[in-house]
1. Has the range B:354-372 got any residue that is among the β-branched types (Val, Ile, Thr), at pLDDT 95 or above and assigned to a helix (DSSP H, G or I)?
2. Given the criteria among the aliphatic types (A, V, I, L, M) and surrounded by fewer than 17 Cβ atoms within 10 Å (Cβ to Cβ), does residue B:167 qualify?
3. Can you name the strands (runs of 3 or more DSSP E) wholly within the range B:140-239 that have at least 2 residues being aliphatic (A, V, I, L, M) and in the same structural domain as residue B:281 (by TED's automatic domain parsing)?
4. Pick from the range B:356-379 the residues that are out of contact with any Phe, Trp or Tyr (no Cβ under 9 Å at 6 or more places or on another chain) and within 7 Å of chain A (Cβ to nearest Cβ): which of them is farthest from residue B:336 (Cα to Cα)?
5. Keeping to the range B:207-228, report how many residues are crowded, with 21+ Cβ neighbours inside 10 Å and either touching an Asp or Glu at 6+ places or on another chain (Cβ under 6 Å) or of a type in the set (D, E, K, R) (or both).
6. Kindly provide the set of residues from the range A:49-64 that are over 16 Å from residue A:29 (Cα atoms), out of contact with any Cys (no Cβ under 8 Å at 6 or more places or on another chain), more than 8 Å from chain B (Cβ to nearest Cβ) and in a helix (DSSP H, G or I), ordered by number.
7. Is it true that residue B:271 is farther than 24 Å from residue B:179 by Cβ, hydroxyl-bearing (Ser, Thr, Tyr) and touching a residue at least 12 places away in the same chain (Cβ under 8 Å)?
Amino acid sequence: MATVAERVIAVTAQVLKVTPEEVKAEHSFTTDLGAESVQSIELVAMFEEEFGIEMDEDAALAVETVGGAVEFIANVCKEQGVDVEQ
Amino acid sequence: MRLIFVDGPSEVRRNFFPLALSRPLWELRYGMTSLAEKLLSRVNPQDVACFVPDYMADVYRTKTKWPVNDTSTLAGDDLLIVNPLVKANGFDVRPSGPSEVALNDQGHLLYARVARADLKKLSGEDIDAFLTCSQANLPNITSSFATWQYTWDLILTNAEQITADFALTGQSGIEGTVEEPTAIRGSKKDVYVAPGATVHPMVVIDAEHGPVYIDEDAEIQPFTRIEGPCYIGKKSILLGAKCREGNSIGPMCRIGGELEESIIQGYSNKYHDGFIGHSYVGEWVNLGALTTNSDLKNDYSTVSMMLDGRHPTNTGSAKVGSLIGDHTKTSIGTLFNTGSYVGAMTVVMATGKPLPKFIPSFGWFIEGIVTKGFGKRSLYTTAQVAVGRRGCQWSETEQAMWDKIFEMTAPARNEAIKKGRRTMMR
């Protein structure tokens with residue numbers, strides 16, 4: 001099974017129309033990867049679908065970087081009892 | 001005699017969503033006033049009390065002088081308990097008289113008249129129990145008083161009601177300011193401009209086919225044409241509007257573009273061009289420039305509407321526009337299909353095509369699908385700003401009511417979001 005980081009990068013690349021190689025943990029979704037507000041909503045939706053979790057919109061949309069998203073999602077998975085590869 | 005309004009039951013309330021999500025049924029605007037005001041003027045009670053769904057009781061207490069959900073009001077006086085959906089026009093029950101419980105042929109309560117002497121026979125820890133006890137212990141009769149069935153019933157008869165309400169006011173003439181040149185067509189006795197209202201130059205008031213009532217402190221800006229029957233509420237502003245017949249515009253609205261046979265509850269903006277017809281718009285709504293609804297199908301067949309997101313209800317009319325709930329915001333260029341249900345607290349972004357006929361409350365319609373968007377807290381922040389701009393306050397009590405509405409409306413919204421996700425993943 002792919003790790004949380006790999007899965008986050010794959011979803012990000014798909015939604016933002018970039019290659020996985022272009023997505024780095026330190027990248028900001030908006031300033032580095034060019035996510036517009038509508039794409040942020042799409043990213044949250046696709047992360048929820050990918051991991052089978054429910055995220056609080058305010059908290060999820062406050063996450064700025066790819067690395068931050070990996071950490072945030074791993075925590076939500078743990079809270080909601082979803083098994084993931086770290 | 002005390003008149004008591006009782007809101008409900010829930011299966012009937014649903015027919016008036018999204019407008020009734022956040023207010024009792026009797027607060028719905030119709031003609032020049034509310035349903036409550038019409039019944040009160042028929043009955044003329046000494047005292048009024050009311051029972052509303054629990055989730056809106058705290059908010060409604062801040063908006064009315066009447067006791068709300070107070071069971072002590074069920075004692076100490078002759079009572080006339082009234083279903084607020086009874087049409088006031090034909091309601092000719094004597095306020096005092098022998099006790100009786102009037103039901104329609106579907107078994108729904110129309111009114112219960114309870115003589116003070118009979119109160120000792122009755123008990124009940126809440127209004128439902130009290131009514132059940134009344135039905136069991138007092139004479140029951142079948143009555144044929146007509147009731148409102150759906151929101152569009154109000155829309156479709158609004159023009160006639162404005163005419164009737166205008167006649168009842170007995171008002172006529174210019175008490176405000178009318179700047180020249182302004183053209184009044186028809187009889188001047190069918191026009192009333194209230195004190196403090198201002199009609200700018202280059203306005204046409206056409207009362208040939210019905211009266212026009214411009215209420216206190218309203219402002220009618222140049223190049224507006226108002227066609228009667230029409231009611232314009234206190235402190236509302238019309239900005240070069242094409243205000244066709246049959247409109248009731250509540251207080252503090254900003255109206256531009258074209259509006260026809262529609263009811264706007266109040267405090268809403270439709271500032272720019274765009275057509276809204278045969279629609280009912282709630283409070284604190286903002287319709288972006290060029291927001292337009294269809295109110296007539298290309299084949300002239302009757303319009304259906306989905307109140308629950310699943311099952312169409314035939315309105316029986318070839319002309320029905322949109323129902324738009326409180327605090328909803330639309331983007332520029334939004335196009336609503338004929339018979340659209342747009343929930344409360346929704347955010348709608350245009351797609352360039354007519355949108356789906358059902359957009360659930362608290363849904364963010366973005367890129368052609370319903371999403372969770374930025375969530376309800378973001379909507380509350382916007383609501384706080386919107387009400388603040390009109391000198392009103394957004395309270396914790398109000399937010400708590402909307403939290404309940406969020407829960408109540410979750411099933412339809414979640415289903416729409418799931419559908420959207422499937423579309424997104426294709």
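The values are calculated or read from the model by the stated rules, or taken from the named source; none is laboratory data. For clarity, every value in this text was computed on a predicted model and none was experimentally measured. Using ideal geometry, Cβ is built from the backbone for each residue, glycine included, and neighbour counts are taken over all protein chains shown.
1. no
2. Criteria met by residue B:167.
3. Hits in the range B:140-239: B:183-185, B:191-193, B:204-206, B:212-214.
4. Applying the filter and picking the extreme gives B:377.
5. Residues in the range B:207-228 being crowded, with 21+ Cβ neighbours inside 10 Å and either touching an Asp or Glu at 6+ places or on another chain (Cβ under 6 Å) or of a type in the set (D, E, K, R) (or both): 4 in total.
6. Initial filter on the range A:49-64 (over 16 Å from residue A:29 (Cα atoms)): A:49-56.
Filter again for out of contact with any Cys (no Cβ under 8 Å at 6 or more places or on another chain), leaving A:49-50, A:52, A:54-56.
Among the residues that remain, those that are also more than 8 Å from chain B (Cβ to nearest Cβ) are: A:50, A:52, A:54-55.
Passing the criteria: only A:50.
7. Values: farther than 24 Å from residue B:179 by Cβ: no; hydroxyl-bearing (Ser, Thr, Tyr): yes; touching a residue at least 12 places away in the same chain (Cβ under 8 Å): yes.
No; evaluated as a whole, the condition is false for this residue.
Condition check ((1) crowded, with 20+ Cβ neighbours inside 10 Å; (2) part of a loop (DSSP other than H, G, I, E, B); (3) within 14 Å of chain A (Cβ to nearest Cβ)) across all residues:
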position: B:323; (1), (2), (3): yes, no, no
position: B:332; (1), (2), (3): no, yes, no
position: B:344; (1), (2), (3): yes, yes, no
position: B:352; (1), (2), (3): no, yes, no
position: B:403; (1), (2), (3): no, no, no
